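What follows is a short report on a single structure.
Coordinate-derived values only; no laboratory data. This one's a predicted model, so the numbers in the text were calculated from it and none came from an experiment. All Cβ positions, even for glycine, are placed from backbone atoms using ideal geometry, and neighbour counts span all protein chains on display.
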Amino acid sequence: MASILVVDDETSIREFLEILLKRSGHQVRSAKDAVDAVARLKDETYDLVLSDLRLPKGSGMDVLSWVSKNAPSTQLVMMTAFATTETAIVAMKAGAYDYIIKPFKVDELTVLIDRALERRHLQTENRALRATLDARAANARLLGSSEKMQEVFELIHKVAPTRTTILLTGESGTGKELVARAIHSRGPRTNEAIIAINCGAIPENLIESELFGHSRGSFTGAVADKPGLFERADKGTVFLDEIGELPLAMQVKLLRVLQERKVRRVGGTLDIDVDCRVIAATNRHLEAEVEKGRFREDLFFRLNVIQIRLPALRERRADIPLLVEAFIAKFAEQQQSPVRAVSDRALRVLMDWNWPGNVRELENVIERGITLASANVVDLDAFPAAMRGTQSLLPAAAVVVEDIPPDGLELEAVLEAYERRLLEKALVRTNGRKKKAAELLSLSFRSFRYRLAKLGISGADDDDGEAS
């Protein structure tokens, strides 16, 4: 059973088609002119539209134009007199499924309707299959058994069925786009598009056109109307990556879109309704950007309805073996490699590395390791030089002197070197945050700063808000 809209100005044609189609088990609505048809299309979703080419208050081409733009999965069959078949062919080039010449035979029309509905069914199945495959691909990379990742998974599960705006925060490489796609794939818009844009990767003079589209002639090179990201994502999801890079002038316009759910193309005069979920992401601290005047407070509050913070990889080290195993399986299959694991000492280095590039960096390291491995195990020689140089630091007990050399040693110098190494390592692991580094070594903040000063270690600036 399908939902069908019949559009014709002749009452007898409308009534005949309603009776015929209802007998076949379809739900049927009708409209007598182009304006009435568009109004019904706005109120309800149809699988098929049967429209006469010549209509009052417009034409069948106007109905086709609306369907192509706002309901592209809806099939449209044009009904036309023999004298206008040339125009009907133009309609097919513009997106109509087919046309039929009046007066038509019932069998001929029935076959045409069945073919159009079969096409609609196949398109729906294909979209569902693509969404399932995309979701599986995203889920395969969203791995983690750590407490922090379980919190992320729980939030994804809670927010996915809603249309609430989401703000994803965290360092680069933590998987923000994967989370955005996971939210989309688990929600009611999964069969529609999710369109992503990196707000920091597009020149400032082009970003408005990319987001909101432009009208023909609005600027040099605008030779045709172009829908923007929000129009193309209608009924789906917009993912605004690196939202903190958006220029202030564009922040005002984005705020209007989020508030009114309407866009206006560059050079255009009409507002266009859009219905899409917005997920934004940033590696900046937007609260600090607001205080510095670089990000609008009202836009921040509009985006920050639900915030999901993705932990850095160094905050979820327990997940590293699981991620390593998944990446080895992935790249070994891609490269037809016999590698199935990493050596114990290589894993110790992976566990202790600070991972400034997070999961993305780990993935790249494993891909490199698979490529350069000389056996069926990835060892240290396949790692970047910077990582191979950290072996002497791991584990901490390995730097302790196990015996006194024949010529003796200077105990204070050895202890000072060992202390220096641990202090510096704590600062690296916490990205220079002294308070966190002190906690890592079970020291008070005051004692930690004293030791840094004693050894002449220049730590990061005091951003922990502690008094001396």
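Values for this structure:
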item	result
Charge dipole (debye, nearest 20) of the chain; +1 at Cβ of Lys and Arg, -1 at Cβ of Asp and Glu	620 debye
Potential lengthening between ARG119 and ARG368 on full extension [0.36 nm per residue; Cα-Cα distance subtracted]	85.2 nm
Trypsin sites (Lys or Arg not before Pro) lying in DSSP loop within the stretch 314-394, provided at most 16 other Cβ fall within 10 Å	ARG340
For the chain, the longest site-free run once chymotrypsin sites (Phe, Trp or Tyr not before Pro) in DSSP loop states with at most 14 other Cβ atoms within 10 Å are removed	220-468
When the convex hull of its Cα atoms is projected in every direction, mean area for the stretch 3-124 (nm²)	6.6 nm²
Percent antiparallel among DSSP beta bridges (both partners in the chain, rounded to 5)	15 percent
Degrees separating the helix 176-185 axis from the principal Cα axis of the chain, which is the longest one	40 degrees
Sequence-distant residues sharing a close amide H with VAL49 (under 5 Å, placed H)	LEU5, GLN75, LEU76, VAL77
Dipole of the stretch 142-311, positive direction: furthest Cα of GLY236, VAL179, THR169, with charges on the beta-carbon	GLY236
Globularity index of the stretch 40-84, i.e. its alpha-carbon radius of gyration over 2.2 N^0.38 Å	1.13
Where a label projected 7 Å from the Cα of ALA329 along Cα→Cβ would reach, residues of the stretch 174-193 with amide N under 20 Å	175, 178-179, 182
Radius 12 Å from Cβ of GLN150, net charge of other residues (Lys, Arg +1; Asp, Glu -1)	-2
Estimated D of the stretch 314-393 in µm² per second, where Rh is the Kirkwood radius over Cα pairs and Stokes-Einstein applies at 25 °C, 0.890 mPa s	198 µm²/s
Neighbour cut-off at most 12 other Cβ (10 Å), DSSP loop, GluC sites (Glu not before Pro), the stretch 1-80	GLU10, GLU44
Additional length obtainable on full extension of the chain from LEU248 to ALA39, 0.36 nm per residue less Cα span	71.5 nm
Distant alpha-carbon pairs in the stretch 229-307 (separation over 22 angstrom), percent	23 percent
Within-9-Å neighbourhood charge of VAL35 [Cβ basis; K, R +1; D, E -1]	-2
The chain: equivalent-ellipsoid semi-axes (sqrt of 5 x gyration tensor eigenvalues, Cα, Å)	61, 26, 17
Magnitude of the charge dipole, the stretch 144-299, Cβ model with Lys/Arg +1 and Asp/Glu -1, debye to 20	420 debye
Sparse-neighbourhood loop sites, trypsin sites (Lys or Arg not before Pro) in the stretch 47-119 - DSSP loop, at most 16 other Cβ within 10 angstrom	LYS57, LYS105
Local electrostatic count, ARG54, Cβ distance below 14 Å [Lys/Arg +1, Asp/Glu -1]	-4
Nearest-ten-degree value, helix 60-70 long axis tilted from longest Cα axis of the chain	10 degrees
Cα lying deepest toward the dipole's positive end in the chain, options GLY25, ILE202, LEU455, charges on Cβ	GLY25
Within the stretch 1-124: Cβ-based charge dipole about Cα centre, in debye rounded to nearest 20 (Lys, Arg +1; Asp, Glu -1)	200 debye
Alpha-carbon centroids, the stretch 174-222 and the stretch 245-270: separation in whole Å	13 Å
Rg/Rh for the stretch 142-311, where both radii come from Cα atoms and Rh is the Kirkwood radius	0.98
Angle between the chain longest axis and helix 248-260 axis [Cα atoms, degrees, rounded to 10]	50 degrees
